[in-house]
Amino acid sequence: MTNPIGICDSGSGGLTVLGACAKALPDQPFFYLGDHNRGPYGNRSEAEILKFTTAMIETLFGRGIRLVILACNTASAIALREIQEEWLPGHYPDHRILGVLVPMVEALTGLDWDRNNPGLSSVPSKNVGVFATHSTVESGAYPHQVRLRAPKVQVIQQACPGLVGAIEENLAEDDLRDMVASFCTKLMGQLIGERLDAVFLGCTHYPLVENLFRDALPAGVEILSQPDIVAASLTAYLTRHPEFADNSGGKLEFFTTGDPAALSHLEQFLPGTKLDFKTL
Ligand code: DGL
């Protein structure tokens, strides 16, 4: 019996995370679920995000999957903690859900998630920018969780309204470039003369236009790759918990809550892979 790991997202963006995970774990089967029927989540209410995310995870667990990566920043920031604390223990106590926020916070602070006492932190000061959806920014989850562990690391947030839709619609590169440049200018404007050390693209779609962020940001600003960080974190997790791993071959399966016929244009999300979505 195979033991695929589930990766789910509000839509297609989580394919960027799947790509990095499949590369890091080439023998591990993965089962992708995109909530195209109800996504994007970026402007949804907290109650909706909680309800839709729980439903996706329940669907995956109902298919026999025991470990799910919630690849969506918006859902990880807003709903995951509540799902893990309130829902999971009573429904699937032996199953696990990992999000994308924890690995990012660990990478930004250099500390394990459990080291959340700022008195212990000797992490040197730096300024890190995060570009994300409106809901992720509103939640304040990234700056809050980083501040708890590393008070000298300042997280500057910038929402990028419209960018998810523009990427999905394959807008002309010049138009995307202008949008990205305006978000970078806004983020830089928040710094008031301070130096920006690094940024990360805290939305699953934005790595697809990482080159435009690179061009718009000052030289020397590091761009941390969230998909690679999540993949490294999953690899380490499976080493600690081999009961969730499976080395039977790197089969990838793609499912959607929406219409598979509408998903024939997604090569850019996972280059080199035939994205044969089925309805779940
Ligand atoms: N997957 C979402 C995220 O990473 C972006 C798309 C959406 O708004 O749902 O935040």
Heavy-atom accessible area per residue of segment 1-159, all protein chains kept, 1.4 Å probe, expressed in Å², is 40
Nearest-0.05 FRET efficiency for Glu173 and Asp259 at R0 = 30 Å, using Cβ-Cβ distance, is 0.65
Per 10 angstrom bin, beginning at 0 and ending with the bin that holds the maximum distance, the Cα pairs of the chain fall in percents of 7, 30, 37, 21, 5, 0
The relative contact order of segment 39-193, taking Cα pairs under 8 Å that sit 6 or more residues apart, comes to a percentage of 20
For the chain, the helices passing both cut-offs (Cα extent along own axis of 15 Å or more, Kyte-Doolittle mean at least 0.0, full DSSP H runs) are 46-62, 226-240
Ranked output for segments 180-188, 246-254 by mean other Cβ atoms within 10 Å, highest leading, reads 180-188, 246-254
For the chain, the accessible surface attributable to carbon and sulfur atoms (probe 1.4 angstrom, ligands and nucleic acids excluded) amounts in percent to 50
Applied in sequence order to segment 152-162, the curve 6.51 cos²θ - 1.76 cosθ + 1.60 (Karplus, θ = phi - 60°) yields integer Hz couplings, x standing for Gly and Pro, of 8, 8, 9, 9, 9, 9, 9, 6, 10, x, x
Here the gain from full extension of Asp276 to Asn37, 0.36 nm per residue of separation minus their alpha-carbon distance, amounts to 84.4 nm
Taking 190-202, 144-156, 83-95 and ranking on average Cβ neighbours within 10 Å, highest first, one gets 144-156, 190-202, 83-95
With 0.36 nm assigned to each residue of separation and the Cα-Cα distance removed, Trp113 to Glu85 gains 8.5 nm
Once both label points are put 7 Å beyond Cα along the C-beta direction, the Gln190-Ser122 separation in nm becomes 3.0
Within segment 37-73, the residues whose backbone N lies under 16 Å from a label point placed 7 Å from the Cα of Asp94 along the Cα-to-Cβ direction are 61-68
For segment 198-252, the percent of all C-alpha pairs falling in each 10 Å bin, from 0 up to the bin holding the max distance, is 20, 37, 25, 16, 2
Heavy-atom accessible area per residue of segment 238-278, all protein chains kept, 1.4 Å probe, expressed in Å², is 59
Simple SL model, points at 7 angstrom along Cα→Cβ for Ala55 and Ala181; separation in nm is 4.1
Asserting the computed 222 nm helical MRE of the chain (DSSP H runs at least 4 long, -39500 (n - 2.57) per run, divided by residue count, to nearest 500) equals -11000 deg cm²/dmol
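The values are calculated or read from the model by the stated rules, or taken from the named source; none is laboratory data. Computed from a prediction, not measured in an experiment: that's the story for all the values here. Note that each Cβ is placed from the backbone with ideal geometry, even for glycine, and that neighbours are counted across all protein chains shown. Each accessible area value is taken on the protein alone, full model and side chains, heavy atoms only, with ligands, DNA and RNA left out. Shrake-Rupley method; radii C 1.70, N 1.55, O 1.52, S 1.80 Å.
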